[in-house]
Amino acid sequence: MSLPTTANWEVRITGNANNGGGFNNRIPGTSIDYSQQNASQLSKADLACAAGSTTVTSATNGFTPQMVGNYMRIRAGANFTVGFYEIVQFNGVGSIELDRVPVTGIGANGVAEVGGAQIQISAAVVSDFIAGNTIHVKTGTYAAHPNIALTDSGQFTVKAISGYDVVRGDAPIGNNRPLLQLGVNKISYSGVVLNLEIKNLRIESSNTKVIDPINTNFNLFLKNVKITHTAIAGGPLYCLYGSAGGNYTILDCEFSGTAGAISYGINPFGTALTVLNSHFHDLTSGIVLAGGSSGLNVLFCIFNRMAQSAIVGSEMSSCIINNTFANCGRSGFQNVIAGVIGGDLVINNTFSDCITAGMETLSDPFICRNNNFYGCGVPVLSSAFRSLRLCDNNTYVNPQFVAPGSNYALQRTSGLIDRAFSMRLGV
């Protein structure tokens with residue numbers, strides 16, 4: 001046997017690295033999840049095990065039927081292999097069965113904990129964090145958090161890391177989300193394929209790449225995650241880097257940098273990227289497409305206080321729809337290679353106070369309409385822009401944001417209300 005794909009892990013700042021940390025509801029109605037508590041349910045220092053056996057015994061007893069499905073972390077003992085083990089069967093108060101053989105010979109004086117939360121997403125947890133598992137992270141500040149180096153070998157089932165405030169699944173927002181302070185460390189992946197979901201977290205790091213897929217085929221779903229690049233100098237730096245052949249879906253997230261550094265929100269680098277309802281700010285650029293990105297969709301996002309252009313593209317077919325671009329040091333949307341855009345849709349965006357231009361392109365967009373340009377150097381700057389028929393129904397009015405810099409909703413008196421392109425009756 002092996003550790004189950006249906007298990008949940010628990011991480012909290014009041015946990016302990018020696019705890020079991022995981023639970024699989026093996027016998028519904030009998031198994032009790034002891035991982036959702038600070039201390040372990042049972043501590044042992046006298047475990048014994050015959051060579052080649054999965055039966056573990058204790059002369060001081062203490063095992064219960066409710067412990068089945070809980071993880072035991074064995075951390076010491078003669079011939080015991082350190083690691084996490086699931087209790088799969090209750091034999092009696094002094095005997096249990098584990099999911100696999102825990103010894104390399106005759107085991108004696110085994111030291112272990114049953115249940116209790118882990119204190120961080122440690123290398124030990126990551127090594128047994130398998131496809132199908134979820135790591136639940138309780139709110140708190142996880143200072144000096146180590147690297148989270150994930151690996152997989154062709155597993156298509158999703159792994160998940162999910163933050164919570166009071167109870168699992170409560171989807172906290174703002175500062176109620178757990179904060180992983182990685183320092184110079186990062187979240188990385190290497191292997192054949194990985195499907196990873198990260199949600200309801202805040203992540204801080206000064207590493208060159210905060211989330212870094214070292215290998216290909218990294219399919220990532222981010223939801224309600226704030227990533228802050230904390231480096232105060234140097235670059236290029238990335239909150240999220242790409243992986244050739246992967247797919248990223250970003251929903252309700254925030255990406256920011258620190259003044260003085262050359263930092264970017266996302267570089268897909270060959271990854272298909274969809275970003276919805278997200279906020280990019282205080283970066284050199286929000287999204288930089290390089291290395292043959294296979295598609296870009298950006299909808300209902302806000303880009304503000306960009307040192308350069310908010311979106312910089314080199315090879316893409318893009319849908320840029322219903323976004324706000326404000327206070328960009330260069331342009332809101334900038335294509336840097338001639339002749340490669342044909343197929344882009346740039347619709348219903350607001351470009352405000354972009355120094356060089358709202359849009360800057362070296363090729364004709366396929367459709368560019370119903371955008372608003374205000375306070376920009378020029379609305380559209382293009383060496384190949386041949387006809388306004390491709391850029392029509394645009395406006396040039398003060399958008400009247402509720403609070404520029406913090407709230408980009410439109411005031412009721414804004415001239416942009418009811419000016420967006422939408423489906424019409426009869427179509």
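The values are calculated or read from the model by the stated rules, or taken from the named source; none is laboratory data. It should be emphasised that the depicted structure is a prediction, and the values quoted were computed from it without experimental measurement. Neighbour counts are summed over all protein chains in view; Cβ atoms, including those assigned to glycine, are modelled from backbone coordinates with ideal geometry.
Summary table below
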read-out: Tally, over the stretch 95-116, of residues that are in contact with a Pro (Cβ under 9 Å, 6 or more places away or on another chain) and surrounded by fewer than 23 Cβ atoms within 10 Å (Cβ to Cβ); value: 1
read-out: Every residue from the stretch 156-174 that is at pLDDT 95 or above and not in a strand (DSSP E or B); value: 165, 166, 167, 168, 169, 170, 171, 172, 173, 174
read-out: Number of the exception - residue 7 against (1) assigned by TED's automatic domain parsing to the domain that holds residue 93; (2) out of contact with any Lys or Arg (no Cβ under 9 Å at 6 or more places or on another chain); value: (1)
read-out: Hits in the stretch 199-218 - residues which are closer than 25 Å to residue 232 by Cα and either of a type in the set (Lys, Arg) or not in a strand (DSSP E or B) (or both); value: 202, 206, 207, 208, 209, 214
read-out: Test: residue in the stretch 117-131 that is on the phi > 0 side of the Ramachandran plot and loosely packed, with under 15 Cβ neighbours inside 10 Å; value: no
read-out: Test: residue in the stretch 107-126 that is of a type in the set (D, E, K, R), in contact with a strand residue (DSSP E or B) (Cβ under 7 Å, 6 or more places away or on another chain) and touching a residue at least 60 places away in the same chain (Cβ under 8 Å); value: yes
read-out: Every pair of residues 6+ apart whose Cβ atoms lie under 9 Å, when the first sits in the stretch 149-175 and is closer than 20 Å to residue 200 by Cβ while the second is modelled with pLDDT under 85 and of a type in the set (Gly, Ala, Ser); value: 150/190; 150/191
read-out: Of residues in the stretch 212-236 being among the hydrophobic types (A, V, I, L, M, F, W, C) and in contact with a Phe, Trp or Tyr (Cβ under 7 Å, 6 or more places away or on another chain), the one farthest from residue 194 (Cα to Cα); value: 227
read-out: Counted residues, the stretch 232-250 - those being closer than 15 Å to residue 207 by Cβ and buried (at least 20 other Cβ atoms within 10 Å of the Cβ); value: 5
read-out: Matching residues, the stretch 24-43, being in contact with a Gly (Cβ under 7 Å, 6 or more places away or on another chain) and touching a residue at least 60 places away in the same chain (Cβ under 8 Å); value: 24, 26, 34, 35, 37, 38, 39, 40, 41, 42
read-out: Residue within the stretch 88-100 that is modelled with pLDDT of 95 or more and closer than 28 Å to residue 179 by Cα present; value: no
read-out: Some residue of the stretch 202-212 being touching a residue at least 60 places away in the same chain (Cβ under 8 Å), of a type in the set (A, V, I, L, M), in the same structural domain as residue 136 (by TED's automatic domain parsing) and closer than 23 Å to residue 243 by Cα; value: no
